[in-house]
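Scroll down for the structure; my scribbles are underneath it.
Coordinate-derived values only; no laboratory data. No experiment lies behind these values; they were computed from the predicted model shown. In this analysis, Cβ positions are derived from the backbone assuming ideal geometry, glycine residues included, and neighbour counts consider all displayed protein chains.
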Amino acid sequence: MKRIAIINGPNLDRLGSREPKIYGDQTLTDLENLLTEEAASLGIEVQFYQSNHEGFIIDEIGEYADSEVFGLILNPGALTHTSLALRDAIAGSDLPTVEVHISNIYRREAIRQHSMTAPTCIGVISGLGFEGYVAALRYLANMD
């Protein structure tokens, strides 16, 4: 069975309470439940990881690259805009990766409008809320 990993970066453990006008009032658990249900309907398996620590996320991507994980959905949070190390981890993993952002980063502050990680991803979905994760999951589920 195809397995897709979903990584959420810094502060995404605070979904539902952190800046709800930007990120909504649903929690990370709500997101994981939504994606688990969608994965079941697609006949695939998902696994989740969240960390506020850049190095832990990089280590996790390395472990996925050496495992049976087919692809990766990644919301790097603020690391999107700052982390060359994360960019290198994605590039070195050879995992088809879709970068996802709950908010539209291009409607935010100028510093948030550049993604260091996007050039290593097969696609970027920004501004569709949790539906962006669902779209990414469907895309990866249908890849050969």
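Of the listed peptides 19-30, 59-70, what is their order by residue-averaged count of other C-beta atoms within 10 Å, with the highest listed first? Before the final figure, lay out each step's value.
Numbers: 19-30: 13.1, 59-70: 15.4.
Peptide ranking by packing, descending: 59-70, 19-30.
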Completion exercise
One point scatterer per Cα, no solvent, Debye formula: log10 I(q)/I(0) for segment 36-113 at q = 0.12 Å⁻¹ comes out as -0.38
Completion exercise
Once residue 30 and residue 114 are pulled to full extension, the length gained, defined as 0.36 nm per residue separation minus their Cα-Cα distance, is 27.4 nm
Completion exercise
Going residue by residue through segment 5-13, the Karplus relation 6.51 cos²θ - 1.76 cosθ + 1.60 with θ = phi - 60° gives ³J(HN,Hα) values, rounded to whole Hz and with x marking Gly or Pro, of 9, 10, 10, 10, x, x, 6, 6, 5
Completion exercise
Cβ-Cβ cut-off under 12 Å around residue 129, Lys and Arg +1, Asp and Glu -1: the net charge is -3
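Among residues other than residue 53 whose Cβ falls under 11 Å from its Cβ, what is the net charge (Lys/Arg +1, Asp/Glu -1)?
-3
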Exercise for the section: Please list, in chain and number order, the residues 5+ apart from residue 16 or on another chain whose amide H is under 5 Å from its amide H, with Hs placed from the backbone. Expected result: 26
Problem - Cut-off under 5 Å, modelled amide H: who pairs with residue 100 long-range - result: 74, 75, 125
Problem - J(HN,Hα) series, segment 41-46, from Karplus relation 6.51 cos²θ - 1.76 cosθ + 1.60, nearest Hz, glycine and proline x - result: 5, 8, x, 10, 10, 10
Handout entry: Relative contact order of segment 71-144, pairs being alpha-carbon contacts under 8 Å that are 6 or more residues apart, as %
Key = 36 percent
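Where does the chain land at 222 nm, in deg cm²/dmol rounded to the nearest 500, when only DSSP H runs of n ≥ 4 count, each adding -39500 (n - 2.57), divided by all residues? Don't jump to the answer; show the numbers that get you there.
Details: 5 runs with 53 residues, N = 144.
When only DSSP H runs of four or more count, the value is -11000 deg cm²/dmol.
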Handout entry: Structure-derived Rg and Dmax of the Cα atoms in Å - corresponding label in (i) 13.9, 41; (ii) 15.0, 48; (iii) 27.9, 93
Key = (i)
